[in-house]
1. Which whole number in µm²/s is D for the range 1-102 by Stokes-Einstein, with the Kirkwood Rh taken over Cα pairs at 10 °C and 1.306 mPa s?
2. Would you work out the Kirkwood radius for the range 103-246? I mean one over the mean of 1/r across all pairs of different Cα atoms, in Å.
3. In degrees between 0 and 90, to the nearest 10, how far off the longest principal axis of the chain does helix 135-147 point, with axes built from Cα atoms?
4. Can you pull out the trypsin sites (Lys or Arg not before Pro) in the range 1-65 whose DSSP state is coil and whose Cβ has at most 10 other Cβ atoms within 10 Å?
5. How many times 2.2 N^0.38 Å is the alpha carbon radius of gyration of the chain?
6. So what's the net charge close to Gly41: Lys and Arg +1, Asp and Glu -1, counting the other residues with Cβ under 11 Å from its Cβ?
7. So what are the ³J(HN,Hα) numbers for the range 74-79, from phi and the Karplus equation (6.51, -1.76, 1.60; θ = phi - 60°), rounded to whole Hz, Gly and Pro as x?
8. Note down the net charge around Lys138, summing +1 for each Lys or Arg and -1 for each Asp or Glu among other residues with Cβ under 13 Å from its Cβ.
Amino acid sequence: MNILHVNDVSKSYGKQQILWNVHFSAQQGQIVGLIGPSGSGKTTIIKLIMGMDLPSSGNVEVLNQQVPNLILLKQIGYMAQSDALYQDLTGIENLRFFASMFLMNKKEQQQRIAYVVNLVQLENVLNKRVATYSGGMKRRLSLAVALIQNPPLLILDEPTVGIDPELRKSIWQELTRLKNEENKTIIVTTHVMDEAEKCDVLAMIREGRVITTGSPQKLKDDYHVTNLEEVFLEAGGVAHAHQSTS
Ligand SMILES: Nc1ncnc2c1ncn2[C@@H]1O[C@H](COP(=O)(O)OP(=O)(O)OP(=O)(O)O)[C@@H](O)[C@H]1O
């Protein structure tokens, strides 16, 4: 089942064009990675998928419906790059607030909160104000918020930035479990190549264009290379890609 279809999307802000004919899809039960250096356009693509901004041309469909569509937002767990948390509330108060926005009874709410808190290992700081959290703790709480409503589609913009390697590993294990056991679809942006290896499908983005797509293995085979960094360089044109990734 096709969960997401980004169809020839271009985007300009004023005279500056940011995206050119971006095209990719996500099927149910896939982790799709948007891979590219800083400034290549990943967050802009995510915002267009969420309906927070409109494409200049092309269109986006989520669950076979045109974006933007407010009803769709209930189906998407979204983790933005900058944390959208209430600084003056504690961690647990933030979670209760976001949980209350979805139709869950008290018991379900408690179960979901317990699940996400355990996942991101925030038990010890739940009663502290978010303003006192480190950057990594805020990221973890944002991921917990994205997961709280148990959505079929997760959109995670750089979910593991600032998170230590051990927890990063357990978050990826959980994303993989959500995909395998609960058939969730996950769109994730990263510039970490070992995270890219864990995706089912990659769309490599450079300067607002999708330079290549496919599974990590297929991409390595197609470009006759042994790692994804080399795929990126080969697909983007070596000299040019060196400039934009350095
Ligand atoms: N509202 C806006 N108005 C003008 N330019 C914008 C706007 N939003 C983004 N851009 C530009 O679009 C380009 C792509 O930015 P974007 O945030 O999508 O990249 P990114 O790949 O997510 O980078 P990063 O990993 O650093 O977040 C950048 O050059 C940025 O300056």
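FYI, it's all coordinate maths here, none of it is from the lab. Bear in mind the structure is a predicted one, so any value in this text is a computation, not a measurement. Using ideal geometry, Cβ is built from the backbone for each residue, glycine included, and neighbour counts are taken over all protein chains shown.
1. On the way: Rh = 15.2 Å.
Value of D from the Cα-based Kirkwood radius: 104 µm²/s.
2. On the way: mean 1/r = 0.0586 Å⁻¹.
Here the Kirkwood hydrodynamic radius works out to 17.1 Å.
3. Here the helix axis deviates by roughly 80 degrees.
4. Values: sites: Lys11, Lys15, Lys42, Lys47; in loops: Lys15.
For trypsin sites (Lys or Arg not before Pro) across the range 1-65 that sit outside H, G, I, E and B with at most 10 neighbouring Cβ atoms in 10 Å, the list reads Lys15.
5. 1.02
6. Values: positive: Lys11, Lys42, Lys47, Arg206, Arg209; negative: Glu207.
In short, +4.
7. 5, 8, 10, x, 10, 10
8. Working: positive: Lys128, Arg129, Arg139, Arg140; negative: Asp83, Glu158.
Here the charged neighbours net out to +2.
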